[in-house]
1. Rounded, prolate or oblate, given the Cα gyration tensor of the range 1-82, with a/c below 1.5 counting as rounded?
2. Could you tell me the relative contact order of the chain? Use alpha-carbon pairs under 8 Å, at least six residues apart, and round to a whole percent.
3. Going by Cα centres, the range 166-237 and the range 56-99 are how many Å apart?
4. Can you give me the long-range amide H partners of Arg31? Hydrogens built in the peptide plane at 1.01 Å from N, cutoff under 5 Å, separation of 5 or more residues or another chain.
5. Quick one: grab the alpha carbon gyration tensor of the chain, order the square roots of its eigenvalues as a ≥ b ≥ c, and give me rounded if a/c is under 1.5, else prolate or oblate depending on whether a/b is larger than b/c.
6. From the Cα gyration tensor of the range 129-248, with a ≥ b ≥ c the square roots of its eigenvalues, which class applies: rounded if a/c is under 1.5, or else prolate if a/b is larger than b/c, or else oblate?
7. Taking 8 Å as the Cα distance limit and 6 or more residues as the minimum spacing, I'd like the relative contact order of the range 20-131 as a percentage.
8. Can you give the calculated 222 nm mean residue ellipticity of the chain, where each DSSP H run of n ≥ 4 adds -39,500 (n - 2.57) and the sum is split over every residue, rounded to the nearest 500 deg cm²/dmol?
Amino acid sequence: MSDTGILYTEHTAVAGSLSIASSWSYETRSREPGRPSVSVNALGDREYWLEHWDPLLNTILPSTHVSLVFNVGDSWAAGRSLVRSSLLPRACVIGGITQPLILRLGRTITAVGVVMPPSMTTPVFGVAASALVDQLVPLSDLWPHDVTDRLTEAAICLEPRVALRMIGAEVLGRAQSYSSPVAVGDTASHLLQSRGGRVSIEALAAMSGVDRRQFGREFHASTGMSPKFFARITRFQSLVQSLLSTDVARWASVATAKGFCDQAHMINEFRSFTGSPPRAFFQPRTKDLGGRVVELRGRPSEWLR
């Protein structure tokens, strides 16, 4: 195994202080001897050691959230296929994703990002989340160039945690200065995300005080997705997090815990959003393995490379 890889950090303390869904950073690093694949640093942030081949580094998975990404390392390209991919702007907004995208990263990776619920999209970017579905938009199309340049420079020059606080402060400031009635879709989408997609559409419509058909129209106008599809993607995202942290021998128990009828239902749903079942998606893919059969044990981050 190479001693150079990518350190992915979930900056939970930063995200919590800014009331956003998450904040993260990618950094190409040399791996210290004995460093575990998954660990928690002194600040309580979870860190994942990733190889360049890792599917989570090479795929933009379906998501209901909206992400603000600053890539200040080598260029990235994304698309439905390798021949249909295009370069991403250094500072870009990624809307909700309904189908997986292939992501091609450069040799050196340095990037930070903040992730927010669709209800924050209009206050922060001035457009509805529905307008950003399956879109990768240059941040300079939505924010003034001087703000975009200032935050990009911060991502280049500052330690990731400090840069994320600056970016998050800009996001939070814009959200707090916005004043408008809360849309039905915003409230309902937040509830779906907080419960991992496990709320009935009838219950959401009743809580919103409208019939199911009107609720569906208003929800789609806010998020760009139907309530049912939004719930499916939310549950899928929750499933991915659970699979990453659960021993492969216990994956069957994850199915019912996440609201699937059984393991077959879980596998079929995972395949519909990634193109392959969980074991194949997370299967180590590296030249060092040659033709050997790899035993899958533990969590995906611990599988033999």
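Coordinate-derived values only; no laboratory data. Bear in mind that the values here come from a model prediction, so they are computed numbers and not experimental data.
1. The shape class here is oblate.
2. Details: 544 pairs, mean separation 49.4, N = 305.
Worked out over the chain, it gives 16 percent.
3. Cα centres, the range 166-237 to the range 56-99: 23 Å.
4. Amide H neighbours of Arg31: Thr4, Gly5.
5. Numbers: a/c = 1.77, a/b = 1.16, b/c = 1.53.
Note, shape of the chain comes out oblate.
6. Numbers: a/c = 2.45, a/b = 1.47, b/c = 1.67.
In terms of gyration-tensor shape, oblate.
7. Numbers: 195 pairs, mean separation 39.0, N = 112.
Reported as a whole number, the value is 35 percent.
8. Working: 11 runs with 115 residues, N = 305.
About -11000 deg cm²/dmol.
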